[in-house]
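Peer 1: Next up is a structure, given as structure tokens.
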């Protein structure tokens, strides 16, 4: 199962900061198990929302140079409250560094003015063809798919500053 934890990118300062939103729906499959009588977005998916936001910041800053952007490390992760169906969270992620294959970030998520999650984390970015040249076509397909999703997420109200 693949989760997409960003509904829209609301602002972007290239290579520096991104703000993205997620609205939680009771229809989301994982809520049936987490928890049946008290459904809330799992904490690991709150963190994944920060990671996904940062991944878009990397992709845009590097002009989609890498097919893979993965969590390298997470530190100081703090969960402060629950996020139930019907709620909306706005993620703010600031880049500390974005280098060729590694990047580091500070981020937090707010819901109704309350901080729900915060973390410091690092991402690793690479192409599958770096290890196996036969994977170049897979890299190209993934990057093309990410470019299409980027257009959907960043359309209309995205503020882009250089």
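Peer 1: What does the extension gain come out to for residue 75 and residue 25, with contour length at 0.36 nm per residue minus their alpha carbon separation? Could the numbers behind the result be given before it?
Peer 2: Values: separation 50, 0.36 × 50 = 18.00 nm, distance 2.83 nm.
Using 0.36 nm per residue and subtracting the Cα-Cα distance, I get 15.2 nm.
Peer 1: Nearest 10 degrees, 0 to 90: what angle lies between the long axis of helix 136-154 and the longest principal axis of the chain (Cα atoms)?
Peer 2: Between the helix axis and the principal axis of the chain, the angle is about 50 degrees.
Peer 1: What would the Debye formula give as log10 I(q)/I(0) at q = 0.17, 0.19, 0.27 Å⁻¹ for the alpha-carbon point model of segment 71-121, no solvent?
Peer 2: -0.56, -0.66, -1.01
Peer 1: Still on this structure, please answer the following. What spacing in nm lies between the two simple spin-label points modelled at residue 68 and residue 34, each 7 Å away from Cα in the Cβ direction?
Peer 2: Rounded to a tenth, the inter-label distance reads 2.4 nm.
Peer 1: Give the value in nm², to one decimal: projected area of the alpha carbon convex hull of segment 26-92, averaged over all directions. Walk me through the numbers on the way to the answer.
Peer 2: Details: hull surface 23.2 nm².
So the mean shadow area of the Cα hull is 5.8 nm².
Peer 1: Just the Kirkwood number for segment 6-53, please: inverse of mean 1/r across all distinct Cα pairs, in Å, one decimal.
Peer 2: Numbers: mean 1/r = 0.0831 Å⁻¹.
Every distinct Cα pair counted, the radius reaches 12.0 Å.
Peer 1: Let me ask another. Give me Rg/Rg_expected for segment 8-154, where Rg uses Cα atoms only and Rg_expected = 2.2 N^0.38 Å with N residues.
Peer 2: Values: Rg = 15.9 Å, N = 147, 2.2 N^0.38 = 14.7 Å.
In units of the globular-protein estimate, segment 8-154 measures up at 1.09.
Peer 1: Moving on to the next point. Just to confirm my numbers, what's the Cα centroid distance between segment 5-68 and segment 81-129 in Å?
Peer 2: Centre-to-centre distance over Cα atoms comes out at 8 Å.
Every read-out reported here was derived from the displayed coordinates using simple, explicitly stated rules and does not represent laboratory data. All of these numbers come straight from a predicted model, not from anything done at the bench. Note: ideal-geometry Cβ built from the backbone for every residue, glycine included; neighbour counts use all protein chains shown.
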